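Input: a single structure, listed below in structure tokens.
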Amino acid sequence: MFVSCKKITTRQRVQTLSENYTQAWVYRDSGKLDSAYISLSKAKDEFLGRKDSIGVAKSLINMAEIAYLKGDYFGSQELATQVDSYLDSTKKVERELLSSNYNTLGNVSNGLERYEEGNTFFKKAILYTKNTAALNLYYNNIGVDLLYLKRYGEAISYFSKSAGDESSSTSAMKLSNIAKAKWQQNPDFNPAPLFQKALSIRLSDNNLWGQNSSFAHLADYYMKKHPDSALLYAQKMYHIAQTLVSPDDQLEALQKLIKLSPQKEARQYFEIYQNLSDSVQTARSAAKNQFALIRYETEKNKADFLKAQAENIKKQSSILIRNIGIGVLIVFSTASYLWYRRRQKILRQEKEIEVKNTEIKYVKKVHDHVANRIYQVMNEIDNRPQMDKDEVAEKLDVIYHISRDLSYESIDTKYKQGFAKALSKMFSSYQSAKVNIVVNGNEEKIWETVQETAKEEVFTILQELMTNMKKHSEADVVQLAFQHEQQRITVLYSDNGKGIQHFSPGNGLKNTETRIKSISGIITFDTKANEGLNVKFSFPI
């Protein structure tokens, strides 16, 4: 509201128009802020040539505001701090311009999360204006700063200073902010009636920005008390923010939706949030670079002009400027070359790390999916001398297909014959006249709701335990028990072998910890030398 008001008054007070200044407002009205900024920069130079200090000040004020709106806070601050030197604070018209400029500096401080500094600028803005709409905005801005600083009593005092009819947008803003301050001050306070009253006013006025704020407040209030209501208001906020094309408000609404939505929808909202956040950061970075480049080009052109004048007065000045330019170019070129070399080195290192990680990944896959399977088949052949060639060939064919598919991110391990049966078949391959394996509780019904990825990890962990037993433990009795309680599956393994003295990084059993963590489970090992091995692991269904 205030920005719109200032646009009208600024136009009315332009005493010496320039084509660039007029064109800047055409661009701004059509939403082309980048083009408006360029035109204002050119207008500023024109006003400087005419020695029109008010024109220069107005150009700088609007350039600073556009830079702030585009997220270039430091650029905005740099421009706004130049304004004071072009204005006379004893003149009414120029006092209003100073007030507007201090408001921009306050907004920049808030954007940088310097709320005390922002308060100082907003209070200065109040000193230089008598405009009611402007004062209402400044009181509100100070109150919002005080909320961030958790000075709730002072915040309520400033919000209460806003003046307006009971059905006005100012009244709605006042009600909503006072309710929020009282609620933050006292969590037992119920702000909902005031929030709803403010929303009603904003709906009747079709005040979309106000509605956006009301929906945000209501979603925050109902977040813990009534999540369903909070979700509804967060959705409304998101739709309004999209209509307003306000990325920051869309991001805030998406944060609420991620917290409140079911898992599937929350994942979708999170992807939208990431993409939008990246786009906003990219756009703001581009704006900062663009505005910096515009300022650089402006200053460069000015320097070239001064250089041409200086050549007519003193030749040495030209030589000095040229040498400075060459020095800057050399420094820039050297820095660019060093940066390029460093960047190439980093890229090479990243590539080496990537290759190493790929090697580790495939070594792990070979160990888990091929080596253990081969060892399993070897045990079956050892334990069942009567096994015919066709059966051996079939098992080797399975291993062949697993080996062939190692390059894929995931290997198809769906257990078509039933997971419990697949486990039993694997256990039996390790049983022999010397090793007795006792299994309890391995039934198909406990695996019905378990995801395929979890089954794959469980199968690999148990296969690693059985392989370790066969290779190293010298056990003759192995017991396995499967339990299904409270949406968790627990597996107990024990043998009477010689145990494990210590785990080494290359030990296959050490890798089981990583595997069980990948399915949100936990695993414990209880072993002492010559006293067997007890392993317990569990994971949520």
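Nothing in this text is a laboratory measurement; each read-out follows from the coordinates by a stated rule. Keep in mind that this is a model prediction, so the values were computed, not measured. Methodologically, a virtual Cβ is constructed for each residue, glycine included, from the backbone with ideal geometry; neighbour enumeration extends over all protein chains shown.
If we count other beta carbons within 10 Å of each Cβ, what is the order of Ile516, Ile381, fewest first?
Ile381, Ile516
What does the charge dipole of the stretch 417-540 about its Cα centre add up to, to the nearest 20 debye, if the Cβ of each Lys and Arg holds +1 and the Cβ of each Asp and Glu holds -1?
Using Cβ point charges on Lys, Arg, Asp and Glu, the stretch 417-540 gives about 220 debye.
So what are the three principal axis dimensions of the stretch 207-299 from its Cα atoms, in whole Å, longest to shortest?
Its Cα atoms span 57, 31, 20 Å along the three principal axes.
Over the stretch 417-540, what is the percentage of antiparallel beta bridges among all DSSP beta bridges, to the nearest 5? Each step should come with its number before you reach the end.
On the way: 22 of 27 bridges.
If we restrict to bridges inside the stretch 417-540, about 80 percent are antiparallel.
Let me spell out the model: positive unit charges on the Cβ of Lys and Arg, negative unit charges on the Cβ of Asp and Glu, origin at the Cα centre of the stretch 200-279. What dipole size does that give, in debye rounded to 20?
For this selection, approximately 320 debye.
Considering the alpha-carbon set of the stretch 415-541 alone, what are its Rg and its Dmax in angstrom?
Taking only Cα atoms of the stretch 415-541, I get Rg and Dmax of 14.0, 40 Å.
Going by how many other Cβ atoms sit within 10 Å of their own, how do Asp205, Asp88 line up, fewest first?
With the sparsest Cβ surroundings first, the list reads Asp88, Asp205.
Starting from the Cα-Cα distance between Ser168 and Glu271, subtract it from 0.36 nm times their residue separation and give me the gain in nm to one decimal.
Extra length from Ser168 to Glu271 when fully extended: 33.2 nm.
For the residue pair Lys161 and Leu203, what label-to-label distance in nm results when each label sits 7 Å from Cα along the Cα-to-beta-carbon direction?
In this crude spin-label approximation the distance works out to 3.3 nm.
Label points 7 Å out from Cα along the Cβ direction at Ser229 and Leu244: separation in nm?
2.2 nm
For the pair Thr524/Lys130, report the inter-label distance in nm, with labels modelled 7 Å from Cα in the Cβ direction.
Between Thr524 and Lys130, the label points sit 7.9 nm apart.
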